[in-house]
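In what follows, a single structure is set out as structure tokens and then discussed.
The values are calculated or read from the model by the stated rules, or taken from the named source; none is laboratory data. These numbers were taken from a predicted model, which means no experiment stands behind them. No Cβ is skipped: glycine too gets one built from the backbone with ideal geometry, and neighbour counts run over all protein chains shown.
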Amino acid sequence: MAKEVNNSFDRRANHLLRLLQLCGGCVPLHRLQFQFSDSVIQTLLDKELVQVQNTGRGFLLEIAEDF
């Protein structure tokens with residue numbers, strides 16, 4: 001059962017990365033609030049695959065330059 005949870009989690013993380021790529025590399029963070037769990041976003045942040053940028057008018061989730 002734990003393996004299924006990890007596979008599901010990995011699929012959601014990969015889906016978020018593909019979404020970011022299709023949207024030009026960044027998406028306003030508030031748009032992802034209902035589509036992706038905080039743990040998926042936090043895991044990608046911990047792995048340094050994405051980063052958060054403060055624009056002064058909100059926050060953007062963007063693909064890390066190293067990725």
Item to complete: Being farther than 17 Å from Ala13 by Cβ, at pLDDT 90 or above and not small (Gly, Ala, Ser) is the filter here, so list the residues in segment 32-67 that pass it.
Response: Gln53, Asn54, Thr55, Arg57, Phe59, Leu60
Worksheet entry | Identity of the residue in segment 38-67, free of Cβ contacts under 8 Å to residues at least 40 places away in the same chain and among the charged types (D, E, K, R), that ends up nearest to Gln21 (Cα to Cα) | Glu65
